[in-house]
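Here the structure is laid out as structure tokens; the discussion comes afterwards.
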Amino acid sequence: MNPVTREQRDEAIAHFKYEGTLVKDCPYGSGHINDTFLLIFEIAEMGRIKVILQRMNSAAFPKPVEVMENITGVTSFLKKKIIENGGDPERETLNVIPAVDGKPYYIDSTGDYWRSYKFITDASTYDLVEKPEQFYESAVAFGNFQSLLSDYPAETLHETIEKFHDTRNRFALFKKAVEEDVMGRAASVEKEIRFVLEREEIANCFAEMLDRHELPLRVTHNDTKLNNVMLDDKTGKGICVIDLDTVMPGLAMNDFGDSIRFGASTALEDETDLTKVSCSMELFELYTKGFLKGCDGKLTSKEIELMPMGAKTMTFECGMRFLTDYLQGDKYFRIHREGHNLDRCRTQFKLVEDMEQKWYTMNEIVKKYSNN
Ligand code: ADP
Ligand code: GN1
Ligand code: MG
């Protein structure tokens, strides 16, 4: 996607139902996909109101209208449950601000799609765990999210990115990218390519089980990074799961696993000093405990047993996706420096290796919580 221009941003701002005078607007957050902006409005006698404005990434999501249909469907469903449970629907789920024509999105004159959300106040997202309890609370929130959506009509959901967590298909796409080598980068990353090719069985594991109908498909989030859950600044509780673009039928173990690959790492996703990168067993244990609590008994014993495999699969898949994007010229994930996707790929592979070393411990931890 081209960078957002000032004119485009102004056009989008003018086409949402906002009140008051705009006093600040700036880029916001550290997501890799959408272009996120924070807007602050001054409203007479009410003070300052924040909102989130996003240009949706239509390269990643070719059908933005379907994405918004999923999001409005899921958030209205969640809202009802939150109210029934005595919660606050303004803070515990995303609230879409409609465009002036009443639609949940605005298409600008260049053809880009925009959407806007109420800002979730007094809460924060994290790129790295600062205190272990934060990771536990994020686990309860993501588990609870899955549990709340366990009776959502899955057949009404669009597949917003085809074969998103079909790791076997990602492996095939990776091999194609290596063969095509459009940027001429393959020779310089031979070691990383070999790392992937030697581990094809990770890519095939869940796909083969799905072929044999051994795993249930559930409504899952599919992008359970720590920075996709807002933690309340006062109570520390996971108040709201955000970034709902990829809510689709998927595997419970992958939601568990994607959180582990990002949040149980002892370093940032793009750390260049690999000696700092490992999968913390303390954090793995806390997340296991919190996720199972949040899932509220809804997972089968097979799904629970496969949670470590979910962690390894998602970490391997993500590293392979970063490497594929590096080989293809950094077209998918937003980068902030040369070689950024390669740096990200290397942290993921370091984590996979570390999980291979800690495999026995990971399985023992999961066993310990599987009957609680
Ligand atoms: P991306 O798909 O690019 O990751 P996100 O929807 O996750 O985009 O948004 C990026 C960041 O913006 C989040 O990590 C979070 O910090 C912030 N954010 C998004 N929505 C809200 C919201 N409704 N209230 C407060 N902050 C938000
Ligand atoms: C992207 O959108 P964001 O930054 O939360 C990506 C995830 C990856 C993640 C890696 C739609 O997540 O699948 O795991 O980057 N989202 C999409 O950090 O591709
Ligand atoms: Mg995000």
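The values are calculated or read from the model by the stated rules, or taken from the named source; none is laboratory data. As the structure is a prediction and not an experimental result, all values here were calculated from the model. Ideal geometry is used to build each Cβ from the backbone, glycine not excepted, and the neighbour counts take in all protein chains shown. The accessibility values were calculated without ligands, DNA or RNA, using every heavy atom of the protein model including side chains. Shrake-Rupley method; radii C 1.70, N 1.55, O 1.52, S 1.80 Å.
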- Item | Label point distance in nm, Met209-Asn169, each placed 7 Å from Cα along Cα→Cβ | 1.9 nm
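Which number do you get for Rg(Cα) / (2.2 N^0.38 Å) in segment 39-138? Don't skip to the answer; put the middle values down first.
On the way: Rg = 16.0 Å, N = 100, 2.2 N^0.38 = 12.7 Å.
Output field value: 1.26.
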- If amide H atoms are modeled at 1.01 Å from N in the peptide plane, then the residues at a separation of 5 or more from Asp127, or on another chain, having amide H under 5 Å from its own are none
- Note on the structure: Once Thr275, Thr300, Thr315 are ranked on solvent-accessible area with the largest value leading and a 1.4 Å probe, the list reads Thr275, Thr300, Thr315
- Item | Percent accessible area from carbon and sulfur atoms, segment 49-156, protein chains only, probe 1.4 Å | 51 percent
- Item | Zero-based 20 Å bins, Cα pair distances in the chain, whole percents | 28, 59, 12, 0
- Any idea which of Leu306, Ala186, Thr21 is furthest toward the positive side of the dipole for the chain, if Lys and Arg beta-carbons carry +1 and Asp and Glu beta-carbons -1? Leu306
- For the chain: accessible area per residue (Å², 1.4 Å): 45 Å²
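Ordering Met281, Met362 by accessible area with a probe of 1.4 Å, largest first, what comes out?
Working: Met281 35, Met362 0 Å².
Sorted descending by solvent-accessible area, the residues read Met281, Met362.
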- Given H placed on each backbone N at 1.01 Å, which residues far from Asn95 in sequence or on other chains put an amide H within less than 5 Å of it? Lys118
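On alpha carbon coordinates alone, what is the Rg over Rh value for segment 252-372, Rh being the Kirkwood radius? Provide the component values of the computation, followed by the final result.
Numbers: Rg = 15.0 Å, Rh = 14.7 Å.
Rounded to two decimals, Rg over Rh is 1.02.
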- Note on the structure: As a Kirkwood estimate from alpha-carbon pairs, segment 1-84 has a hydrodynamic radius in angstrom of 14.8 Å
- Note on the structure: Per the rule of 0.36 nm per residue minus the C-alpha distance, extending Leu274 to Glu201 adds in nm 23.8 nm
- Name the long-range amide H neighbours of Thr220: under 5 Å, sequence gap of 5 or more, or other chain; modelled H, no Pro or chain starts. Met248, Gly250
- Item | Equivalent ellipsoid dimensions for segment 183-331 as semi-axes, Å, which come from the Cα gyration tensor, largest first | 27, 21, 15
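With runs of 4+ DSSP H residues as the only contributors, calculate the mean residue ellipticity of the chain at 222 nm using -39,500 (n - 2.57) per run, divided by the residue total and rounded to the nearest 500. Intermediate values should be presented prior to the final figure.
Working: 12 runs with 164 residues, N = 372.
About -14000 deg cm²/dmol.
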- Query: Each residue of segment 58-72 in order: what ³J(HN,Hα) in whole Hz does its phi give by Karplus 6.51 cos²θ - 1.76 cosθ + 1.60, θ = phi - 60°, with x for Gly and Pro?
  - Reply: 7, 6, 6, 10, x, 10, x, 5, 5, 4, 5, 5, 4, 5, 5
- Message: Residue by residue through segment 3-8, what is 3J(HN,Hα) from phi via Karplus (6.51 cos²θ - 1.76 cosθ + 1.60, θ = phi - 60°)? Round to whole Hz and write x for glycine and proline.
- Response: x, 5, 8, 4, 5, 4
- Item | segment 219-372, accessible surface, carbon-and-sulfur percent (1.4 angstrom probe) | 49 percent
